[in-house]
Structures are given as structure tokens and as C-alpha cells.
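Structure first, commentary second.
The values are calculated or read from the model by the stated rules, or taken from the named source; none is laboratory data. None of the values given here were measured: they were computed from a predicted structure. Cβ coordinates were reconstructed from backbone atoms using ideal geometry, including for glycine residues, and neighbour counts include every protein chain displayed.
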Amino acid sequence: MKTNKFISSLALVTLISFTAASNNNTSGNDQAPDAVSEMKAAQEKAKRDFEEFKRKANEDYNTYKEDAISRYVAFRDSVLSEFVKHMKQPWKKEESKPAVPKPIDKSIEPEIIPLDEQTIAETPKEETSPIKEEVPQSTVPPVKEDNQETRPVQDTKPKRETPKVSPINNSIHQLPVKDVVDISNIDFNIKALPFVPVIVPEDDEPEVFRFTFFGTPVAVRIDDSCRFTLSSIDNKGISSAMEEITKNELINVTLGDCIDIREDLQLCDWAYLEMLMSLSQSFYGSECNEATLLTGYLFCMSGYKMRFAYNENKLHILFASDQYISDLPFYTLSSDGYCNYYCLSSERIQQIHVCEYAFPNEKSLSLHIEKLPKFAPNEIALNKKLHSYPIHLSYSVNKNLIDFFDTYPTPQTENDAYSKWLYYAKAPLSNEAKEGIYPTLKSAIEGKSEYEAVNIIMDWIESYKYGYDTEIWGFDRAFFPDETIFYPSSDCEDHAILFTRIVSDLLGLKTALVYYPGHLAAAVKFNSEVEGDYIAYKGTKYTVCDPTIYYAKAGRTMKSVKNTQATLIILQ
């Protein structure tokens, strides 16, 4: 298409040049009639020559295009043929590794600071405390037990009181730290692409299949000719069905539609895999081996690193990830440099047979979310009143997005325990929430100093009820920004992550997280000198900001945390 546009543009420029030259030669009144006729004849010849040039260029381009497509198809077919041949051979038997359990870290809790008489005198009266949010029963956080499906926790309330402290008293202190980790430049957004461009037949108009994905209606072109039956769950039965799939050109239409949906809905890798599973299970009517086969084929043809596997009478998909993933059993394949492959099943399968065929340029699934998925709106209205300021925020959160976040696996990055928070801190706040929150906060901080503006943002986040993950969910779980402002309670890491996101968006200030053994706070690089505790790094001061402490100001550090054991985690 781009080549055709280039040819047309070149043709237009050439025609204009010929016309201009002809007009210049015939502009005088002293031209003889024969000369005028000769000019017109030359102009007509130029037009004919130009049309012939354009025809020949289009012909050459179409020849090149057909040759390129035929080479693409030949390469794709050769890879798929090798894939099927490999599947027909005995699959390698692998032993599973235990699932990395979701952490149960009761040390991630704020330390209770006793209230002295001055603090009690400075504490706002009850009427300035947060208003009571009315949250639908469906939003009560679930808890997982024995790898079973999530279920709501009944009548679960945090038993401890969130600490309240007095403001700082005109002091500036540099805090000692154990370590500094700069993860501001880490980029996990390496998108997988098919190993050859998806070639969609132009003359095929298959039926449109519609399904719903996290409340969002989507559609792909696929029909009954794409339904396949597995005669047996072994290498012979699976390879036979796969051979049938690879010969069906209509699957390329479906694949092209899936990749278009990934772009249109801004789906991250995990959301894309979820979408393919939703499509396949909706198409087959339930979760079955055939649906797994279709999911795996579309996933690997989209450019992702995956392997088919089976045990007894069940087909499985193993996908590679650069991060450790909680609650999923995994297999370390020596044929792929001892890469970890996770099974889409919470049940640990001791032995499994794996087809180790690798597609060209395949990429591991990333858990990074650069942009939030564009799910259909399903808005839940919420509100929040700040502790110390006459500010009332009314906003909404998309429940479809919250439901998606509930499926998001917890990354457990090897040799870098701090980077797990990066996945949550780099995720943006949704547009639905921004539209309700940002205008009011921008108006509140307008004309204020950076220090005053940060304190207003802290006061808003401090007004959210504190709750311990281990008491609500049964394990440690970080929240994305939208989850923190949606669920009835959240903990220190959730408050710190939300705080860094809002300060970055509204004030454009550089932020960091501060990890103490047992607690997570935040820090801000102010452009001017401010009071309070700070951490110095390469000549830059990061002032500690702890949005877990009720009524605290920027610069306040919890009295009992061990600064000598703190780690500064620079985000932006």
C-alpha cells in the first residue's frame, strides 16, 4: 500500500513537471500554429509515457509483492511442517517444580507509634475523618485457600489501628540507608510479533464469532471449519489435529483479528493470553482440550514463547516468563537454556510430556502494563473526603478493569525482590478515575508550593482505611492504583505506590519507594529545600513521604523503623 502511494505521488509530480514545461513553451503570443501543435503532441505523448510508467511500476510492485508473500508463506509452512514433524516424535517427560507460593509476609505492617498529648491535641476531630464509602458486596476482596477459586471473606476487619503521628518540628535530617536501587530505566514492554507477517486471504469472508471479554464485546472471523477434534491426548493425536490446523488458511484470518484486538484494546501480554483463552473456550462452549489447542496455536503464532504439554487425558499450555509467577507450577526446560515455563493450571502436575519445538524469534510473556486495557465501561461510583482539608472527591472505577486485575499473577523476580513493585508503580491510573479525581486535586494544589501540594495528596491517600493483606486476602498482594481507590482497605505498599503515581502525574516530581524491613514508604525529590527526613543519593535529596501514617506531613519517618536497613528504590 505504501509503495502504491509512492508510485502515485511520483506519477503526479512527473505529470505536473511535464505540464509546466509545456505551458512555459506555449506561453508566448509569437508561437506558430505548427509549434503549438507540436507542443500539444509532446504533452499527449508525455501523458501516455507517464501512464505506461505507472502501469509498469504497479506491475513490478505486484510481482514483488506476490513473490514476497509466496516466500513468507513458504517459510511459515516450512516452520509449521517442522513443528508437526517434531510433535509426532515422542515428547520429553519433565518433572514439575512446586509453585512459587504467594508470599505471606506479616512483617509488611506499619509500626504503631504511641500518641503523646501533643499529638492528640493536634489530631483533627472525628467529623474530619473519611466518609464511609458504600461499596457493593461484589467488591469485597477474596481470599485464596488451597489453590481454590477466590471467594469473599465474610466480616473480616483489620484488628489493629493505623498509627497517627504529629507533624515534624522544623527539623532536617539525612537518614542512613542500606542500599539504593535505580530501576527507573527498566523497560519490560517488548511486544511479541508473529515470526512472519500475517497473510489474510482477501477473498474469504468467514462468519463473525462474537464473545465477551471482561464485559467487553469483541468479535473475530472464525467458523465451524476451524473446529478440530483431538482423537487422543498423546503426541500422535495432538500432532494429527495440529497438522489439520496448519493447513486451514482461515485460522490466519482469526489470528489477524486477534492481533488487531490486542492493539485496539491495548492489551498487555497477560490480557492477550486471557483474551485468547476466552475466545477459544467461548468458541468450543467450555474449557476443553480442543479449546486449549486453539489457544496455544494462536498464542505461539502471535510470537509468544510457549510449549504444548500433556498428562493423562489433558492438554496443557506452558508459557515462558522472565518473572517468577506465584501459585503456578513451572518446568525448567534444559532445551531452552533452563528457562522456566508455567502451566496454566493451579494444580501441580508431577510429570508432564512436553513438545520442545521453538518458533523463530519467540518472546517470553511480560507482566509489565504500560497502558491499561480499554475495557467497556462498568463504572462503580465512589467518593472520599480528605482528613485535614475541605476537599471531597467523587470518582468512578471500571469494575471490568478491577476484575482483570484480580487475575493478574504476582511477579516474584529472581535476585531482585524490589522490582516486583515496579510492575504496579509503573501502571497508570485509569481515565475513569482521573476524570473524577484529577480536576479536583489540581484545583486544590493550584498556587501551592510543592511541599504543600504533596501534603494534600498524602492526606487524601492517608484517608483510605488501612487493612492487612494477610487478614483480608490470606497472602501479601500489591494493588494497582485503581485497586487501592476501589477496595474498602489497603496497606502500606498500596498507599506508597498510589502516592508515587499521583505525585508523578500531577506535579511531575521524581519519586521513589523506601523499603524498610517490615514497611514500605515513599520519597519525593523536591525542587526546593523542605523540612523533614531525607535520603541522599548522588547529590539528590529524596524526602521521605509516608502516606500510611494518618495526618503525617512530608518528611515524617516512622520512629521505630530501622533506617540503617532501608533501601531507596528510584522509580522515575
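Out of all the residues in the range 521-572, which are touching a Phe, Trp or Tyr at 6+ places or on another chain (Cβ under 7 Å), in a loop (DSSP other than H, G, I, E, B) and over 16 Å from W460 (Cα atoms)?
Of everything in the range 521-572, those that are touching a Phe, Trp or Tyr at 6+ places or on another chain (Cβ under 7 Å), in a loop (DSSP other than H, G, I, E, B) and over 16 Å from W460 (Cα atoms) turn out to be F526, V530, V561, K562, A566.
For residues that are of a type in the set (D, E, K, R), modelled with pLDDT of 95 or more and assigned to a loop (DSSP other than H, G, I, E, B), tally how many sit in the range 484-520.
Going through the range 484-520 one residue at a time, the tally reaches 0.
Among the candidates S443, S396, single out the residue that is without any contact (Cβ under 8 Å) to a residue 60 or more places away in the chain and either surrounded by 17 or more Cβ atoms within 10 Å (Cβ to Cβ) or under 25 Å from the mean Cα position of the chain (by Cα) (or both).
Numbers: S443 fails: either surrounded by 17 or more Cβ atoms within 10 Å (Cβ to Cβ) or under 25 Å from the mean Cα position of the chain (by Cα) (or both).
Only one candidate qualifies: S396.
Return yes or no: is L255 of a type in the set (A, V, I, L, M), in a helix (DSSP H, G or I) and at negative phi?
Working: of a type in the set (A, V, I, L, M): yes; in a helix (DSSP H, G or I): yes; at negative phi: yes.
For L255, the condition - of a type in the set (A, V, I, L, M), in a helix (DSSP H, G or I) and at negative phi - is met.
Taking the range 327-345 on its own, how many of its residues are acidic (D, E) and part of a strand (DSSP E or B)?
The qualifying residues number 0.
Somewhere in the range 319-326, is a residue part of a loop (DSSP other than H, G, I, E, B), buried (at least 19 other Cβ atoms within 10 Å of the Cβ) and polar (S, T, N, Q)? Explain how you work it out, then say what you get.
First, pick out the residues of the range 319-326 that are part of a loop (DSSP other than H, G, I, E, B): 322-323.
When the remaining residues are screened for being buried (at least 19 other Cβ atoms within 10 Å of the Cβ), the result is 323.
Those still in the list that are polar (S, T, N, Q) too: 323.
Yes: the range 319-326 contains one or more residues that are part of a loop (DSSP other than H, G, I, E, B), buried (at least 19 other Cβ atoms within 10 Å of the Cβ) and polar (S, T, N, Q).
Can you pull out the residues in the range 59-89 that are surrounded by 13 or more Cβ atoms within 10 Å (Cβ to Cβ) and modelled with pLDDT under 90?
Correct list: Y61, K65, I69, Y72, V73.
Test R348 against the stated conditions and say whether it is outside any strand (DSSP E or B), of a type outside the set (S, T, N, Q) and assigned by TED's automatic domain parsing to the domain that holds T216.
Details: outside any strand (DSSP E or B): yes; of a type outside the set (S, T, N, Q): yes; assigned by TED's automatic domain parsing to the domain that holds T216: yes.
Spelling it out, R348 is indeed outside any strand (DSSP E or B), of a type outside the set (S, T, N, Q) and assigned by TED's automatic domain parsing to the domain that holds T216.
Would you be able to tell me the number of residues in the range 42-93 that are closer than 30 Å to I349 by Cβ and of a type in the set (A, V, I, L, M, F, W, C)?
Of the residues in the range 42-93, 6 are closer than 30 Å to I349 by Cβ and of a type in the set (A, V, I, L, M, F, W, C).
Tell me, please, whether a residue that is of a type outside the set (D, E, K, R) and under 20 Å from the mean Cα position of the chain (by Cα) can be found in the range 280-293. Working first, answer last.
At the first step, the residues of the range 280-293 found to be of a type outside the set (D, E, K, R) are 280-286, 288-289, 291-293.
Add one more test, that the residue is under 20 Å from the mean Cα position of the chain (by Cα), and what stays is none.
Looking for residues that are of a type outside the set (D, E, K, R) and under 20 Å from the mean Cα position of the chain (by Cα), one finds none in the range 280-293, hence no.
Confirm whether D533 is buried (at least 20 other Cβ atoms within 10 Å of the Cβ) and under 29 Å from D476 (Cα atoms).
Values: buried (at least 20 other Cβ atoms within 10 Å of the Cβ): yes; under 29 Å from D476 (Cα atoms): yes.
Yes.
Filtering the range 269-306 down to residues that are surrounded by fewer than 21 Cβ atoms within 10 Å (Cβ to Cβ) and among the aromatic types (F, W, Y), which residue is farthest from F211 (Cα to Cα)?
It comes out as Y284.
Would you confirm, using the coordinates I've provided, whether K384 is assigned to a loop (DSSP other than H, G, I, E, B) and among the charged types (D, E, K, R)? Spell out the reasoning first.
On the way: assigned to a loop (DSSP other than H, G, I, E, B): no; among the charged types (D, E, K, R): yes.
No; evaluated as a whole, the condition is false for this residue.
Count, please, the residues in the range 232-252 that happen to be touching a His at 6+ places or on another chain (Cβ under 9 Å) and assigned to a loop (DSSP other than H, G, I, E, B).
Just the residues of the range 232-252 that are touching a His at 6+ places or on another chain (Cβ under 9 Å), to begin with: 234-235, 239.
Of the ones still in play, those that are also assigned to a loop (DSSP other than H, G, I, E, B) are 234.
Final tally of qualifying residues: 1.
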